[in-house]
Amino acid sequence: MKVALIRPSFGHDRAHRGYRSPARLEPLELANLAGLTPRGISLRAFDERIEPIAYDEPTDLAALSVCTFSARRAYEIAEQYRARGVPVVMGGYHPTLVPDEAEQHADAVAVGDAEHTWPAILEDFAAGKLRRRYEPPTRAPASPIRPDRSVLRGKRYAPLHLVQFSRGCRRSCEFCAIRAFYGGATACRSVADVVDELRALHARRVFFVDDNIASNLDAFKALLEAIIPLRLRWTTQIDIRFADDPELLELVRRSGCQSLVIGFESLDETNLRQMGKAWNKVATYERQLARLRESRIMIYGTFVFGYDADDPGVFDRTLEFALRQGLYIANFNPLQPFPGTPLYDRMAKEKRLVFDAWWLSEDYGWHQALIEPRGMTRQQLTDGCRRCRERFNSFSGMASRFLRSPAHTRVLDNAAVFWATNVVSKLDIQAKSGLRLGSRGGTP
Ligand code: B12
Ligand code: SF4
């Protein structure tokens with residue numbers, strides 16, 4: 001049996017060129033599917049963010065990993081395969097959150113983690129009994145398995161290994177798809193298995209792609225102790241409050257942490273309360289950030305605009321903060337209502353959605369405001385985010401951020417990573433700016 005594993009791209013630009021990712025991060029979900037596939041089944045992976053799909057290669061089954069931004073493109077790819085008589089299975093975030101929609105474009109839809117469904121899908125398909133829907137009895141995450149990266153060989157991904165230790169998050173931020181996907185449950189892999197994987201990879205640079213790695217503190221500490229001898233340079237996503245614990249911070253530093261992705265989201269307490277993130281305390285951000293800089297850890301901050309307390313002045317205030325704190329990278333996004341989240345339902349109820357299903361619309365352009373904000377116009381929301389992005393990522397913005405943190409200036413490897421990542425990030429923002437989803441329809 002020949003199975004194609006596919007990660008669809010997102011969209012196209014004005015010249016109808018498909019989006020290509022300058023970051024070239026390996027798609028761990030395809031390696032995960034490969035790790036769950038029994039021997040004897042032949043696999044071929046296509047990551048459309050970096051290469052075209054060979055539709056006419058002999059294929060018995062096509063399996064697509066779909067997120068909300070790639071849904072429109074995924075449905076086009078499915079059309080291509082189905083026109084050639086190849087059945088299509090879809091799984092991942094989007095099909096899990098809106099399975100009825102995905103089912104209109106696929107022969108089978110898998111809800112939740114592949115560990116719960118993929119082996120059964122292959123077995124049923126081989127027996128000619130593929131079902132329309134595979135839905136495990138639980139939404140709780142499966143413990144991550146050991147992926148099989150051989151399926152990604154030769155694709156020249158960035159020299160950064162994506163490794164997953166835990167899944168899920170106990171928090172419940174209104175806009176976040178993780179909670180909607182896993183329902184607040186978490187699962188961890190054994191530390192020994194992660195260390196084994198890292199050793200086998202001869203890994204030096206690692207991105208632990210956990211949703212919130214500090215969600216299970218004891219397990220996190222055990223992982224940190226275990227990776228100290230590996231001399232890694234690693235990054236992950238974490239809740240900033242860990243920086244209030246000096247012992248934990250020291251352990252994070254000693255284990256080789258190079259940078260951290262932290263969701264600050266807003267500098268306004270009212271907004272943080274509204275998004276269900278009141279445990280983020282604006283008054284403590286500066287102190288926590290100073291500690292991280294002293295520990296020579298670079299900070300990737302994320303901010304979201306469009307909650308009710310935001311006025312047109314919020315962009316300059318936030319940008320000033322991000323520059324003054326010498327952030328390594330930052331995302332400035334208009335509030336994005338992902339289907340299945342409490343935010344989406346609230347916006348729909350309050351009749352503030354710009355599109356009912358923005359991910360299917362040919363009029364939606366990447367970075368465009370998707371809700372009607374209360375404290376400014378929609379255009380101000382779109383333009384304000386763009387202005388922050390442009391200034392933060394200008395070469396003068398980069399130079400000023402670089403010089404403001406000893407995490408950048410005192411560690412040679414950090415300095416190199418700072419500049420390389422900032423240039424790639426700038427290229428990626430340019431590539432995505434105004435991008436239309438899918439490959440057909442309106443041009444930006
Ligand atoms: C690492 C990461 C990134 C990396 C890119 C990673 C890469 N390889 O290119 C970076 C930081 C660049 C990134 C960017 C963005 N990301 Co991101 N990212 C993640 C994160 C934290 C981990 C992804 C990962 O590797 N997971 C490990 C794999 C194994 O898990 P998985 O993909 O969830 O797959 C499991 C199941 O979904 C299922 N499954 C998946 N596919 C299939 C297919 C089949 C057939 C089956 C049966 C099952 C199945 O089984 C898998 C487990 O075995 C996820 C959160 C998460 N938990 O996934 C967010 C996440 C995917 N990102 C998200 C978003 C929104 C983005 C951005 C669009 C943000 C923005 N507004 O700009 C950007 C743009 C995307 C891009 N790539 O450019 C959202 C997607 C929400 C949604 N509804 O689609 C997530 C879920 C985060 C969140 N808090 O909501 N991201
Ligand atoms: S803390 Fe992060 S992962 Fe957890 S619900 Fe909030 S945004 Fe999502």
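Readers should treat all values here as calculations from the given coordinates under stated rules, not as data from a laboratory. Note that the structure is a prediction, hence the values are computed from the model and not measured. For neighbour counting, all protein chains shown are included, and Cβ atoms are generated from backbone atoms with ideal geometry for every residue, glycine included.
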Measuring from centroid to centroid over Cα atoms, what is the spacing of segment 150-228 and segment 1-17 in Å? 26
Give, in whole angstrom and from largest to smallest, the semi-axes √(5λ) of the equivalent ellipsoid of segment 64-175, with λ running over the eigenvalues of the Cα gyration tensor. 23, 19, 16
What ranking do Arg72, Arg133 get, fewest neighbouring Cβ atoms within 10 angstrom at the top? Arg133, Arg72
Cross-link reach from Lys221 to lysines, straight Cα distance under 29 Å and at least 8 residues apart if same chain, gives Lys277, Lys281
Tell me which residues come under 5 Å, amide H to amide H, from Asn331 once H is placed; ignore anything under 5 positions away on its chain. Gly301, Thr302, Phe303
Averaging sequence separations of C-alpha pairs under 8 Å and six or more residues apart, then dividing by the length of segment 2-134, give the relative contact order as a whole percent. 24
Percentage, to the nearest whole number, of Cα pairs in segment 2-134 over 19 Å apart: 45
Return the sequence-ordered ³J(HN,Hα) values of segment 366-377 in whole Hz as given by the Karplus equation 6.51 cos²θ - 1.76 cosθ + 1.60 applied to θ = phi - 60°, using x for Gly and Pro. 3, 6, 7, 4, 10, 10, 8, x, 8, x, 6, 8
Going residue by residue through segment 296-304, the Karplus relation 6.51 cos²θ - 1.76 cosθ + 1.60 with θ = phi - 60° gives ³J(HN,Hα) values, rounded to whole Hz and with x marking Gly or Pro, of 6, 9, 7, 10, 9, x, 10, 10, 10
Lys349: which aspartates and glutamates have alpha carbons under 16 Å from its alpha carbon, excluding same-chain residues fewer than 8 sequence positions away? Glu174, Asp308, Glu372
Unpaired by the 4.7 Å Cβ criterion, cysteines found in the chain: Cys67, Cys169, Cys188, Cys257, Cys385, Cys388
Peptides ranked, highest mean first, by Cβ atoms within 10 Å: ranges 324-332, 200-208, 63-71: 63-71, 324-332, 200-208
Relative contact order of the chain: what whole-number percent is it, with Cα pairs under 8 angstrom and at least 6 residues apart? 16
Spread of Cα-to-Cα distances over 10 Å intervals beginning at zero, given as percent, for the chain: 4, 20, 31, 29, 13, 2, 0
Averaging sequence separations of C-alpha pairs under 8 Å and six or more residues apart, then dividing by the length of segment 343-444, give the relative contact order as a whole percent. 34
In Hz, Karplus ³J(HN,Hα) per residue of segment 91-107 (6.51, -1.76, 1.60; θ = phi - 60°; x = Gly, Pro): x, x, 4, 5, x, 6, 7, 9, x, 5, 5, 4, 4, 6, 10, 9, 7
Straight-line reach from Lys155: which lysines have a Cα under 27 Å away, not including same-chain ones fewer than 8 places off? Lys2, Lys426, Lys432
Exposure proxy check: Trp359, Trp118, Trp279, Trp366 ranked by fewest other beta carbons within 10 Å? Trp279, Trp366, Trp118, Trp359
Please work out the Cα center distance from segment 108-122 to segment 283-312, rounded to the nearest Å. 38
Mind sorting Phe321, Phe175 by how few other Cβ atoms lie within 10 Å of their own Cβ, fewest first? Phe321, Phe175
For 8-14, 237-243, ranked highest to lowest by mean beta-carbon neighbours within 10 Å, the order is 8-14, 237-243
